[in-house]
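Okay, structure first, notes after.
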Amino acid sequence: QEQENRMAELSLYNAGPSTTAWLRCILYCEFDPHRGPRPVFQAPENLVSADTCDYLSDHLIASSELCGHLISVTAFGLRFVGHPEHIRDEHYERNQFMFNVCFVFDATTDVSAYQPIVKQVASDFRLMETQHRFLSSQSNHEQTQAIIQGIIHDINTLGQFSMPPTGVSDIPYFPKNNPEPIRLQQCLPRASIPEVRPHEVPVWVASKDSIKLADPLLLKLVSFFDGVSDIMTISIKSEMELEFVLAKVSWLLQREMEVVRMIDKIRLK
């Protein structure tokens, strides 16, 4: 069991020390029976060049022996993490369908926090295909791309993953009352989560307009960031539980672009 859960790591150069950073891109790949492994689309577009995709094609769609496992490839300043899937069925040409939803990070990123989400995305996409032939149908490619765009939006903006993602409402295979989302913060190693204290004051170091927040509760919360009120005061003013406020501010501190900095109220005075 331990061997199954171990992530296969292929490094094509020395990536340097690990850091925790933001998800840069999601790359969706399939094995074409005539052209071999190929990227179908990515979100956002054009982050990974066509030459890079060609060079890594055999790693992005791994051999059948490696399918069903977490795979990490580091090359060209990027780290690619996926969970390739291999479905055997007489319905398909060559009796098989292979795909990979690959998360792309900077090369030095510590990806451990994202691994549960990568595995769950692969599981959900496999379900969509085995039960409804969703991925292999050309008519659904545009919708599949919208799903991937919604997934990266939710991970980078809300810090969580669930199906269906934001902006996608017409996938009949996932009930509206789906299980609790996988929250990125819950997956982070304890040492990497910034500690926020009730007596600290959140101070904007970037324009509020520089971040796009879809979570209405978070939008309400940051409206109380006036550069004077500490976390305890903000909790009272916003009528939100203190633990919730602490968790949300901690999530803001984990963003790749620094937008908020914590100042001790005593120092502020």
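The values are calculated or read from the model by the stated rules, or taken from the named source; none is laboratory data. In this text, all values refer to a predicted model and were calculated from it rather than measured experimentally. Backbone-built Cβ (ideal geometry, glycine too); neighbour counts: all protein chains shown. Surface accessibility is based on the protein's heavy atoms, side chains included, excluding ligands, DNA and RNA. Shrake-Rupley method; radii C 1.70, N 1.55, O 1.52, S 1.80 Å.
Bridgeable aspartates and glutamates around Lys220 (alpha carbons under 20 Å apart, same-chain partners fewer than 8 residues away excluded): Asp154, Glu200, Asp209, Asp230, Glu239, Glu241, Glu243, Glu258. Loop-located GluC sites (Glu not before Pro) in the stretch 51-120 (DSSP state other than H, G, I, E, B) with a sparse environment of at most 11 neighbouring Cβ atoms within 10 Å: Glu65, Glu90. Shown for the stretch 60-139: the carbon plus sulfur share of the solvent-accessible area, taken with all protein chains present and a 1.4 angstrom probe, equals 43%.
Packing order of peptides 135-147, 113-125, highest average first: 113-125, 135-147 (average count of other Cβ atoms within 10 Å over each peptide's residues). Which aspartates and glutamates, if any, have their Cα less than 15 Å from the Cα of Lys119, not counting same-chain residues under 8 positions apart? Those aspartates and glutamates meeting the cut-off are Glu4, Glu85.
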